[in-house]
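As structure tokens, the structure follows; a few thoughts come after it.
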Amino acid sequence: MSPINAPLDTVCVIGLGYIGLPTAAVLAQAGKTVIGVDIKQDNVDTINAGQVPFVEEGLEAVLAGVVAQGKLSAQLETPLADAYIVSVPTPFTGDHEADLSYIEAAARGIAPQLKGGELVVLESTAPPGATEHMAGVILEARPEFTNEPNLANSLYFSHAPERVLPGRIMIEMVENDRIIGGLTREAAEMNKELYASFCRGELLLTDARTAEMAKLTENAFRDVNIAFANELSMIADRQGIDVWELIELANHHPRVNILQPGPGVGGHCIAVDPWFIVSAERETSKLIATARNVNDSKPGVVIDKVLERAEKFKAPAVAALGIAFKANIDDLRESPSRNIANSLAAQLDEGTVLVVEPNIDELPRDLAEHDNVELAELEDALERADIVLVLVDHDPFHEVDPETLQEKIVIDTKGLWR
Ligand code: SAJ
């Protein structure tokens, strides 16, 4: 049997986070036997009970079904499987270099289980060359195997970067087109066959390096465009111009489509991935690096504005509306809003920060440690606040009538109430 026709019935997904778990669930729904692997016992237990350890619309219903049918289970150890999907974090180190240690650990876990003929897919976003690096770790541990296709001792390595938007993962996982880059054409074909089981989008084949770079390019494109909007917001502020009106007007031009400014760029993707391009090609990625720096400077601008307006109060109360990294999710990772709330708490000695975050039940530890920070209900915070600071455009905040805030200082970084 040619490897491309090999049945990929048992799939192991390593890393059951925001991407790995939905991927495991849709594969199981498509009829695969899926074994998920995670380093956290808590996650394994929660998933085996058919529950999702985080908030993602539509995931729990699918997960509960496939766990009940015995199509998906979770464990700590990497098992035997026909295909492996590596979906682990790739954070960056202090100097913005990619940290591939989680990918390496996953590869070391896979290596002893291999018999020949398996497909190993890297889903994690990573710098150019990472798929080759992952293959290198496995082939070093198992030198009897080769990356050359169609032999009894062949292994197949491929990169299929995830491109789903948090909050819409269950829809986009199935509907988005996928870029699939193999270390060999045969690996890409095998990867395509596996993903065709659940993905209705186009499956576009290329080499691994181009696939890696395509994913980084998508997020860098968005980062650069958001930086343009954020820079405009700072210019407009100094010029006494309403940036929201400015962008709305400019966007009437048929070839102009400016994104929205905000308190900065958050999340574990757009605020991280462009650095992987910069660290690979420092000299030639000046625009991408500048955009990152512009977006990273925006929280500081917001903090300065609040502190300046707070000067006239002896003990200012600031209502910080939203600390998630974007609207209608509970994800606080790399959140500029959370950092702003933290900084304000540290700098407003006599003041209070009333955090309103409808998607969480308790404050994260960094905020809870300040004794002048409270998690407050929206109405209560609006009533008590001297300064109302909009940081995230969560749905419930749209309901507020700005007329009721006429006595307050309103700093609206999302243009919510204009
Ligand atoms: N943001 C703005 N202004 C905008 C749009 C977004 O300030 O006009 C901010 C958001 O508030 C947030 C950050 O940017 O802080 C990122 O939000 P996002 O919705 O743009 O993107 P993510 O990080 O949730 O997901 C992105 C998506 N990539 C692209 O749209 C190119 C998603 O498709 C990727 O799968 C995901 O990164 C990923 O995992 O890489």
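The values are calculated or read from the model by the stated rules, or taken from the named source; none is laboratory data. Source: prediction; values computed, not measured. Heads up, the Cβs are rebuilt from the backbone with ideal geometry, glycines too, and the neighbour counts pull from every protein chain shown.
Looking at Glu172, Glu144, just one residue is modelled with pLDDT of 95 or more, of a type in the set (D, E, K, R) and within 14 Å of the ligand (Cβ to nearest atom), and that residue is Glu172.
Residues in segment 282-298 that are under 21 Å from Ala324 (Cα atoms), surrounded by fewer than 23 Cβ atoms within 10 Å (Cβ to Cβ) and not aliphatic (A, V, I, L, M): Asn293, Asp296, Ser297. Based on what the data block shows, is Leu332 modelled with pLDDT under 95 and surrounded by 19 or more Cβ atoms within 10 Å (Cβ to Cβ)? Considered against the rule, which asks whether it is modelled with pLDDT under 95 and surrounded by 19 or more Cβ atoms within 10 Å (Cβ to Cβ), Leu332 comes out as yes.
Would you be able to say whether some residue in segment 215-226 is out of contact with any helix residue (DSSP H, G or I) (no Cβ under 7 Å at 6 or more places or on another chain), without any contact (Cβ under 8 Å) to a residue 24 or more places away in the chain and near the ligand (Cβ under 9 Å from one of its atoms)? The answer is yes, given that some residue of segment 215-226 is out of contact with any helix residue (DSSP H, G or I) (no Cβ under 7 Å at 6 or more places or on another chain), without any contact (Cβ under 8 Å) to a residue 24 or more places away in the chain and near the ligand (Cβ under 9 Å from one of its atoms).
Identify, from the list Val88, Val52, the residue that is among the hydrophobic types (A, V, I, L, M, F, W, C), within 16 Å of the ligand (Cβ to nearest atom) and assigned to a loop (DSSP other than H, G, I, E, B). Exactly one of Val88, Val52 is among the hydrophobic types (A, V, I, L, M, F, W, C), within 16 Å of the ligand (Cβ to nearest atom) and assigned to a loop (DSSP other than H, G, I, E, B), namely Val88. For segment 232-266, the candidate set comprises residues that are surrounded by fewer than 21 Cβ atoms within 10 Å (Cβ to Cβ) and under 23 Å from the mean Cα position of the chain (by Cα); within that set, the residue that is farthest from the ligand (Cβ to nearest atom) is Ile258. Inspect segment 40-53 for any residue being surrounded by 15 or more Cβ atoms within 10 Å (Cβ to Cβ) and within 30 Å of Glu148 (Cβ to Cβ) and give the result as yes or no. Checked against the condition, which is being surrounded by 15 or more Cβ atoms within 10 Å (Cβ to Cβ) and within 30 Å of Glu148 (Cβ to Cβ), segment 40-53 yields no hits at all. When only residues in segment 147-169 that are surrounded by 19 or more Cβ atoms within 10 Å (Cβ to Cβ) and within 16 Å of the ligand (Cβ to nearest atom) count, which is nearest to the chain's Cα centre (by Cα)? The qualifying residue nearest to the chain's Cα centre (by Cα) is Pro166. Note on segment 315-329: among residues that are crowded, with 18+ Cβ neighbours inside 10 Å and aliphatic (A, V, I, L, M), the one that is farthest from Leu416 (Cα to Cα) is Ala317. Being closer than 24 Å to Ser124 by Cα and of a type outside the set (A, V, I, L, M) is a property that does not hold for Asn230. Selection within segment 267-281: residues that are of a type outside the set (A, V, I, L, M, F, W, C) and away from the ligand (no atom under 16 Å from the Cβ). The member of this set that is surrounded by the most Cβ atoms within 10 Å (Cβ to Cβ) is Ser279.
Results for (1) of a type outside the set (Asp, Glu); (2) touching a helix residue (DSSP H, G or I) at 6+ places or on another chain (Cβ under 8 Å), shown as yes or no for each residue.
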{"site": "Glu308", "(1), (2)": "no, no"}
{"site": "Gly322", "(1), (2)": "yes, yes"}
{"site": "Arg338", "(1), (2)": "yes, yes"}
{"site": "Arg365", "(1), (2)": "yes, no"}
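Annotation note: Cβ proximity below 6 Å between a residue of segment 256-272 that is modelled with pLDDT of 95 or more and a residue that is of a type in the set (Val, Ile, Thr) and near the ligand (Cβ under 6 Å from one of its atoms) (sequence gap 6+ or interchain) occurs for Leu259/Ile226; Val265/Ile226.
Taking helices (runs of 4 or more DSSP H) as the structural unit, those lying wholly within segment 170-266 and holding at least 3 residues that are aliphatic (A, V, I, L, M) and closer than 29 Å to Asp330 by Cβ correspond to 208-239. Scanning segment 127-141 for residues that are under 12 Å from Ala107 (Cβ atoms) and either within 16 Å of the ligand (Cβ to nearest atom) or aromatic (Phe, Trp, Tyr) (or both) yields one hit, Ala130.
Identification of strands (runs of 3 or more DSSP E) wholly contained in segment 301-407 with 1 or more residues that are among the charged types (D, E, K, R), farther than 27 Å from Arg238 by Cβ and away from the ligand (no atom under 16 Å from the Cβ) yields 373-375.
Quick grid of which residues meet (1) closer than 30 Å to Asp330 by Cβ; (2) among the acidic types (Asp, Glu); (3) free of Cβ contacts under 8 Å to residues at least 24 places away in the same chain:
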position: Arg108; (1), (2), (3): no, no, no
position: Ser124; (1), (2), (3): yes, no, no
position: Glu132; (1), (2), (3): no, yes, no
position: Gly136; (1), (2), (3): no, no, yes
position: Glu140; (1), (2), (3): no, yes, yes
position: Phe145; (1), (2), (3): no, no, no
position: Glu148; (1), (2), (3): no, yes, no
position: His159; (1), (2), (3): yes, no, no
position: Glu162; (1), (2), (3): yes, yes, no
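Restricting attention to segment 45-61, the residues that are within 21 Å of the chain's Cα centre (by Cα) and either closer than 16 Å to Leu76 by Cα or not charged (D, E, K, R) (or both) add up to 8. In this entry, Arg142 passes the filter for residues that are over 30 Å from the mean Cα position of the chain (by Cα) and not aromatic (Phe, Trp, Tyr).
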